[in-house]
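Before anything else, here's the structure in question.
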Amino acid sequence: MRQSTEAKVVFWGFLSPTLFAFLMIIVIPFILGVYYSFTEWTGVAGASNAWVGLQNYADLLREKRFFYSFAVTAAYSLVSMVVINLVAFVLALLVTQELKGRNIYRAGFFLPNVIGGLILGYIWQFVFNSALPRLGDLLSIGFLRKSMLADPRTAFFALVFVVSWQYAGYIMMIYVAALQNVPQELLEAAAIDGAGPWQRLRHITLPMIAPAFTVNSFLTLVNSFKQFDVNVSLTGGMPTTTFAGEPVFATELLAMNIYNTALAMNDYARGQAKAVVFFVVLAVLSLLQVYFNKKREVEL
Amino acid sequence: MRKALVSLVAGLMALSVLAGCGGKSAQDGGQGGGSARQEAKEIVLFNLKVEIDQALKNLAADFEKEKGIRVQVKSCGGGCDYGAQLRAEMQTGREPDIFVMEGPSALEIWGHKVADLSNEPWVAHVNPELLGLKQDGKIVGFPVAIEGYGLIYNKSILDKVGVDPESIRTYADLEAAFKAIDARKDELGLDAVVSYTLKETWVSGNHTFNIYLAARDNPDQFADDFLAGKVDVTKDPIARDYARLVKLLIDYSDKDMLESLDYNAQVAAFGTGKTAFLHQGNWVYPNLKDLNVTFDMGIVPLALNDSKYASHIPVGVPSYYVVNKDSKYVNEAREFVNYIAMTERGHRYMIEEAFMVPAFKNVKLEPTDPLAKAIMKYNAEGRTLTWQFGKYSADNFGMQTIAPITAQFAKDGDVEKFLAAIDRAAKEYAASKGRN
């Protein structure tokens with residue numbers, strides 16, 4: 001009996017610091033956030049936080065800039081999910097071959113992930129705004145002269161490119177781990193039976209690493225949806241474009257839109273309403289995606 | 001174990017109390033010594049800019065020699081949150097006698113602390129629009145420095161083309177100058193006539209847009225009405241003039257770069273002689289100095305029509321000193337503030353030691369920085385416009401709403417749509433403020 005009390009004390013003793021942190025920085029702010037989305041609070045201490053019901057949510061339906069951000073974030077997430085996974089998988093295949101110095105390649109591809117997103121965004125902003133146009137001038141290549149960040153469409157792909165460059169190395173490592181776990185005897189047996197490299201990849205390797213696909217597509221989807229730091233530093237939402245007759249920031253993804261609403265425009269409650277919508281959509285999407293990907297996995 | 005801990009804590013507390021007393025008595029002793037000669041007084045100034053800390057301390061030392069009043073300068077270090085730190089200072093039991101306010105919104109918090117400075121001698125030497133920190137019609141803020149902006153020009157390029165910057169006073173003058181320079185762009189090695197940017201949304205949304213609000217009679221009232229949604233922008237002739245000015249800036253800048261040019265690149269384009277004008281203010285001078293700029297420069301107004309206001313430039317006050325009216329030494333604090341504005345030593349401090357542009361017209365010293373010189377000249381001539389964008393900058397209305405509308409106008413050039421969009425934006429802003 002005494003033993004079990006002690007076990008309980010130890011259990012709660014070790015759990016409580018983490019539990020405390022989790023409650024204080026996740027659970028309570030989350031509940032507060034949902035509450036504020038039903039008020040008119042501006043985010044200033046002492047300002048009125050009167051209950052306004054669903055007013056903030058109704059306002060969202062009329063806000064074209066929010067719809068645009070939603071659409072562009074969805075497009076961005078889809079494109080970057082595909083690009084990052086494709087690049088990462090190809091890189092993973094490369095660095096699991098019998099290459100000289102493959103560990104250096106692995107480290108090299110992983111390295112951009114170590115740099116903070118903000119710094120990385122500013123570095124690439126310099127590349128797009130100054131380095132490439134200068135190169136275009138020197139080599140007389142017309143299309144390079146205009147900064148990619150100055151046009152809504154190219155700025156979108158610049159963002160995808162930079163994030164892929166940053167994130168593909170990380171995703172690659174997960175694929176590498178998965179590829180190394182594919183049993184060699186299966187591949188050898190298939191080779192003896194006359195399967196070519198493509199067939200081995202298609203019919204053995206891919207099904208065997210399906211769990212990695214599930215994890216990676218979940219990670220990239222969620223991270224792309226939540227993209228903020230590179231977005232802020234690389235484009236800052238710029239340039240502008242016209243959506244349904246209204247000027248909007250062409251590369252303002254959802255997280256940045258929420259940040260701008262809540263903190264730049266001092267409309268904290270409306271920003272919170274957006275965040276709640278954002279949370280629900282993201283939760284549904286990622287659960288659906290995990291559900292469908294899980295079905296494809298094979299168990300040994 | 002526990003006993004030892006308790007006694008340790010108790011001991012520490014006792015020590016700290018003793019130390020506090022000790023410090024105080026030592027200080028009292030020092031002051032007592034001073035009072036043998038004359039009564040020792042000490043005022044505390046809580047300074048916002050750590051860059052001028054040493055200059056301010058030197059000034060305080062000279063002030064003490066002359067008047068026998070000690071001034072203790074406390075500075076809010078780099079990255080310090082002045083508003084939060086001020087709250088703490090107010091709680092210490094020794095409230096600062098002089099502290100800084102960055103604008104009228106600070107009065108909502110500290111309005112009950114400020115002394116009336118309306119009858120101070122320096123007031124007569126300041127243009128009335130720079131005395132913006134008022135409470136119940138009384139002047140409560142001493143302008144620490146001023147800043148101004150417009151189109152900074154490269155004198156050597158203007159000379160080559162034969163444009164006299166002094167003569168640019170109306171929209172027609174400005175357009176003619178732009179055209180003359182544009183015609184010889186290749187020969188002069190210019191990328192564009194003017195270095196303007198829509199990427200830095202504060203430039204288009206706050207600074208450029210301020211011209212529309214301020215270049216008219218009674219700008220304060222107009223800006224208030226505009227932000228309250230009571231102005232029909234589409235029927236305002238000055239709005240059309242403003243659209244014309246924006247179009248001029250856009251047409252004569254590097255169009256491919258408008259939405260990707262950041263502040264540094266914008267200043268660098270001008271500093272390296274790739275453009276003749278730069279839409280910025282006197283704060284760019286340190287950046288230009290870093291670029292080893294050799295040409296002479298000055299500022300011409302963002303002239304939007306041919307009214308007298310077209311020849312004025314927006315000049316504003318980024319921060320004010322206020323005097324704590326509950327202070328024991330409120331008169332001594334006033335005296336120190338006077339000392340800055342009214343004595344030669346104070347003028348030397350502002351211009352040569354703190355490198356600020358003084359708001360006072362009685363300052364005869366000339367700064368070496370040509371842009372500061374230009375601002376002082378406009379100020380002395382009374383050719384200034386007010387900064388109205390402070391009224392909406394806290395909500396970022398200019399950066400979040402006006403800037404993208406301006407960028408859209410840069411692309412389609414549709415004046416009617418531009419004005420209608422501004423009109424609608426102001427009304428939506430007023431509605432959202434009303435709701436909150």
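The values are calculated or read from the model by the stated rules, or taken from the named source; none is laboratory data. The model shown is predicted, which means the values in this text are computed figures rather than measured ones. We place every Cβ from the backbone using ideal geometry, glycine too, and count neighbours over all the protein chains shown.
When B:Lys65 is evaluated against the numbered criteria (1) loosely packed, with under 12 Cβ neighbours inside 10 Å; (2) at pLDDT below 85, which criterion, by number, is the only one it fails?
Single failed check for B:Lys65: (2).
Can you name the residue in region B:408-417 that is within 10 Å of chain A (Cβ to nearest Cβ) and touching a Ser or Thr at 6+ places or on another chain (Cβ under 9 Å) and is also surrounded by the fewest Cβ atoms within 10 Å (Cβ to Cβ) among such residues?
Filtering first and then ranking leaves B:Asp412.
While we're here: Kindly provide the set of residues from region A:201-212 that are surrounded by 19 or more Cβ atoms within 10 Å (Cβ to Cβ) and of a type outside the set (Val, Ile, Thr), ordered by number.
Scanning region A:201-212 gives A:Met208, A:Ala212.
Also, quick follow-up: Looking only at region B:273-307, how many residues end up being under 18 Å from B:Val161 (Cβ atoms) and either within 14 Å of chain A (Cβ to nearest Cβ) or not hydrophobic (A, V, I, L, M, F, W, C) (or both)?
Summing the residues that are under 18 Å from B:Val161 (Cβ atoms) and either within 14 Å of chain A (Cβ to nearest Cβ) or not hydrophobic (A, V, I, L, M, F, W, C) (or both) in region B:273-307 gives 5.
While we're on this one: In region A:153-161, is there at least one residue being within 14 Å of another protein chain (Cβ to nearest Cβ) and of a type in the set (Lys, Arg)?
The answer is yes, given that some residue of region A:153-161 is within 14 Å of another protein chain (Cβ to nearest Cβ) and of a type in the set (Lys, Arg).
Among B:Leu291, B:Leu304, which is buried (at least 20 other Cβ atoms within 10 Å of the Cβ), out of contact with any Pro (no Cβ under 6 Å at 6 or more places or on another chain) and either among the hydrophobic types (A, V, I, L, M, F, W, C) or not assigned by TED's automatic domain parsing to the domain that holds B:Ala394 (or both)?
B:Leu304
Let me ask something else. Any residue at all in region A:250-260 that's crowded, with 20+ Cβ neighbours inside 10 Å, out of contact with any strand residue (DSSP E or B) (no Cβ under 6 Å at 6 or more places or on another chain) and charged (D, E, K, R)?
yes
Something else: Return yes when B:Arg345 is touching a residue at least 60 places away in the same chain (Cβ under 8 Å), assigned to a helix (DSSP H, G or I) and either more than 14 Å from every other protein chain (Cβ to nearest Cβ) or within 30 Å of B:Ala228 (Cα to Cα) (or both) and no when it is not.
Criteria met by B:Arg345.
Quick one: what pairs do we get from region A:17-34, first residue within 18 Å of A:Ala275 (Cβ to Cβ), second part of a helix (DSSP H, G or I), C-beta under 8 Å, 6+ apart or different chains?
A:Gly33/A:Gln272; A:Gly33/A:Ala275; A:Gly33/A:Val276; A:Val34/A:Gln272; A:Val34/A:Val276
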